Amino acid sequence: MTTITTLTKFIIDQQHEIPDASGDLTRILNDIGIASKFVHREVNKAGLADILGLEGTENVQGEQQKKLDVYANDQFISALKAGGQCAAIASEENEEVIILDNSISNKAKYVVAIDPLDGSSNIEVNVSIGTVFSIYKRKSEIGKPADESDLLQPGTDIVAAGYVIYGSSTMLVYTTGHGVNGFTLDPSVGLFILSHPNIRYPETGNIYSVNESNHIYFQESIKAYIQFCHEDDSNTGRPYITRYIGSMVADVHRNLLLGGIFLYPGTIKKPNGKLRLLYECKPMAYIAEQAGGKASDGSRRILEIHPDSIHQRSPFYMGPTKMVEKIEEFIRFF
Ligand code: P6P
């Protein structure tokens, strides 16, 4: 019988490899894993909302059913608050940083940046969606309430980052700086099981993922790169295959496993693009680098960009190093 490694066992085993680990990070990662199981359950019956009288109606306790992204946000905030290992949260769903100001959370060493349900507009068409998270050590004084500055750190200070993809199966993929590992949820027993150990980008790839309906608004350099992807050159595997789901976690996950570049460029109308630096780009950039790839804003390493505000946007290119370096070449040249 093959040995089964659960997420909990894996996190604890990894903790033993980290010299000054106290187990707090272990607990916070488990808190995130628990919340994602509740989100998995609700996402998987989303299609039945009307039939089951779920979303937008009252449930048996007379509570108003929430939109799934609000539900997901509530689940992660509640789990992190109850776990007591997190002092503050920056969430895509909340304008301001959530300071967990209580006697237990004020003593916590970590803060979390999260997009609780990215791509939630795809739910009604049954397209994969995801949660994206990253964990930082707070800089403010332990014992006192955390503050926004604890979330405005460069990505090089990330302690752990990952995503959950709610697709044909639910997978949690994360790194603590010792490689990237993927765990598939077995809903029959409610356990995340190690299914994708040591995920690495292929050396290069032949998939490019971009919303080409923005083509007329792209800078010339991006138009030239897309043309490069279309050219017929069997030596470099071109023309590349275009794959774009419009759900970042799903696009990133596919390209991570198969080899491909994900692009969300800035445009003439929106020079900083759409994706948020803190809770979308930086966690994914940490995953990319830990998987042997690269992530940039076209010229700067994403992890070295110091955010000025929690919801600021950034152009975003992520994939095998050679593919990201190629688009950076086009951007430099034009
Ligand atoms: P567009 C989903 O709304 C999202 O934030 C990401 O998950 C996805 O990559 C992007 O927006 C898609 O945006 O403009 O291509 O529809």
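A short reminder: the numbers here are calculations on the coordinates, not readings from a lab. Note that the structure is a prediction, hence the values are computed from the model and not measured. Positions of Cβ are backbone-derived with ideal geometry, glycine not excepted, and every protein chain shown enters the neighbour counts.
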Would you work out the relative contact order for segment 7-199, in percent, from Cα pairs under 8 angstrom that are 6 or more residues apart? 15 percent
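First select every other residue whose beta carbon is under 15 angstrom from the beta carbon of residue 292; then total the charges, Lys and Arg +1, Asp and Glu -1.
Spelling it out: positives minus negatives among the neighbours equals +1.
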Between the Cα axis of helix 24-43 and the main Cα principal axis of the chain, the angle (0 to 90°, nearest 10) is 80 degrees
Grab the beta carbon distance between residue 96 and residue 198, set R0 = 41 Å, and tell me the FRET efficiency rounded to 0.05. 0.60
Compactness of the chain - radius of gyration and Dmax, Cα, Å: 19.9, 63
Segment 104-138 and segment 209-256: distance between their alpha carbon centers, rounded to Å: 27 Å
Estimated [θ] at 222 nm from DSSP helical runs (n ≥ 4, -39500 (n - 2.57)) normalised by residues in the chain, nearest 500: -9000 deg cm²/dmol
Once label points are set 7 Å from the Cα along Cα→Cβ at both residue 220 and residue 270, what is their separation, rounded to one decimal in nm? 2.5 nm
From Cα pairs below 8 angstrom and at least 6 apart in sequence, can you work out the relative contact order of the chain, rounded to a whole percent? 15 percent
For a test of the definition: using alpha carbon positions, the gyration tensor, and the 1.5 limit on a/c, classify segment 7-199 as rounded, prolate or oblate. oblate
log10 of Debye I(q)/I(0), alpha-carbon scatterers only, for segment 187-272 at 0.17 Å⁻¹: -0.78
Can you run phi through the Karplus equation (6.51, -1.76, 1.60; θ = phi - 60°) for segment 69-79 and list ³J(HN,Hα) in whole Hz, with x for Gly and Pro? 5, 5, 4, 4, 4, 4, 5, 5, 5, 4, 5
Extension length gain for residue 236 and residue 38 (0.36 nm per residue less Cα distance), in nm, is 66.9 nm
Total charge dipole magnitude, the chain, about the Cα centre, Cβ charges on Lys, Arg, Asp, Glu only, Debye to nearest 20: 440 debye
For helix 248-258, what angle does its Cα long axis make with the longest principal axis of the chain, in degrees from 0 to 90 and rounded to 10? 70 degrees
